[in-house]
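The values are calculated or read from the model by the stated rules, or taken from the named source; none is laboratory data. From a predicted model like this one, the values you see are computed outputs, not experimental measurements. Note that each Cβ is placed from the backbone with ideal geometry, even for glycine, and that neighbours are counted across all protein chains shown. Please note that ligands, DNA and RNA were not included when accessible areas were found on the heavy atoms of the full protein model with its side chains. Shrake-Rupley method; radii C 1.70, N 1.55, O 1.52, S 1.80 Å.
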Amino acid sequence: MSDIRIGLLHPGEMGAAVGRCLTGRGIQVRWASAGRGAATAARADAAGLTDAGTIAELASGAGVLLSICPPHAAVAVAREVASAGFGGLYVDANAVAPATAQEISGIVTAAGAAFTDGGIIGLPPGPDDSGGTRLYLAGGRAGEVAELFAGTALDARIVSGDAGPAPAGAASALKMSYAAWTKGTSALLLAIRALAQAEGVEDALLAEWSLSQPDLPARSVRAARTAAAKGWRWIGEMDEISASMTARDLPGGFHQAAAEIYRRYSGDLPAGGDSPEAGESSAAG
């Protein structure tokens, strides 16, 4: 495994943890520091990643590129890699709609690369978290990608269809379906508490919840804290879920509203450190 060269775009909290799974196996993982901030560089260093400097240099020296970035940046990152002439295996493991995954596939394959669709569910994998975070994979060469993570804290699984391995887009569809509940319901709780507060009945609602829905008061507090710190990462994800719904003739308004809730909580900006373009990624489910 030590002779395989992997590129990582870009080491946010999740990306760095995924990269650490590979460096722990003795696999060289490189990243591109050009245009990135100090926080990203610190994460990359802690994960044992090697700096290639530029995207062009990263693309020229890697056989596999893993894209783990905010969903709103996923297409732009793919275009940048394609323009650099990457001809290896491009793995998009972002929280994007199946249609977006197909768009990314078209971009990179037109430039000569192969494509594997991915979706990550769970918190950033730690050294003692074997099986707690899953990387779902679909489409061409998914088995090769899964093998890279064998025995690591990241549980790589190939999505199955009716007649064997599922095509590209299926891993993204699974991610969208999962996050539609986890992050969508958190946004709903925040909206409900905001309504109760605006109407002057928040204390009464919390009292009623403590009687009939005892998990909701603490859950709503956690949702508010997380939205304030990380909600900017999820605005694009909610937009992608909405697009996934409407593409299947389902109502997308639920998650458009969730995107607006996260926008209001976060101001559409990170609380500090690197900007979204500087390599942050969704940290959970």
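Once the mean of 1/r is taken over each pair of separate Cα atoms and inverted, region 1-127 shows a Kirkwood hydrodynamic radius of 14.3 Å. Taking every protein chain into account, the 1.4 Å probe leaves residue 147 with about 100 Å² of accessible area, to the nearest ten. Charging the Cβ of each Asp and Glu at -1 and of each Lys and Arg at +1, and nothing else, the dipole of the chain about its Cα centre rounds to 220 debye. Evaluated with a Cβ-only charge set (Lys, Arg +1; Asp, Glu -1), region 146-241 carries a dipole of roughly 260 debye about its Cα centre, given to the nearest 20. Once the chain is represented by equal point scatterers at the alpha-carbon sites, with solvent omitted, what log10 I(q)/I(0) does the Debye formula produce at q = 0.09 Å⁻¹? The computed values of log10 I(q)/I(0) come out as -0.42. Within region 44-145, antiparallel bridges make up roughly 40 percent of the DSSP beta bridges whose residues both belong there.
Screening the chain for DSSP H helices whose Cα atoms reach 24 Å or more along their own axis and whose mean Kyte hydropathy is at least 0.5 gives 170-198.
For the chain, the residue among 245, 70, 214 whose Cα projects farthest onto the positive side of the dipole built from Cβ charges is 70. The charge dipole of region 7-136, taken about its Cα centre with unit charges on the Cβ of Lys, Arg, Asp and Glu (plus for the first two, minus for the last two), comes to roughly 80 debye.
The largest accessible area among 149, 254 belongs to the first residue in 254, 149, and the rest follow in falling order (1.4 Å probe, all chains).
Of the beta bridges in the chain, as assigned by DSSP with both residues counted there, near 25 percent are antiparallel. Using 0.36 nm per residue and subtracting the Cα-Cα separation, the extra length available between residue 212 and residue 229 on full extension is 3.2 nm. Helical content of the chain, expressed as a calculated mean residue ellipticity at 222 nm, amounts to -16500 deg cm²/dmol (DSSP H runs of 4 or more residues, -39,500 (n - 2.57) each, divided by residue number, nearest 500).
Highest mean first, the peptides 199-211, 74-86 sorted by other C-beta atoms within 10 Å per residue fall in the order 74-86, 199-211.
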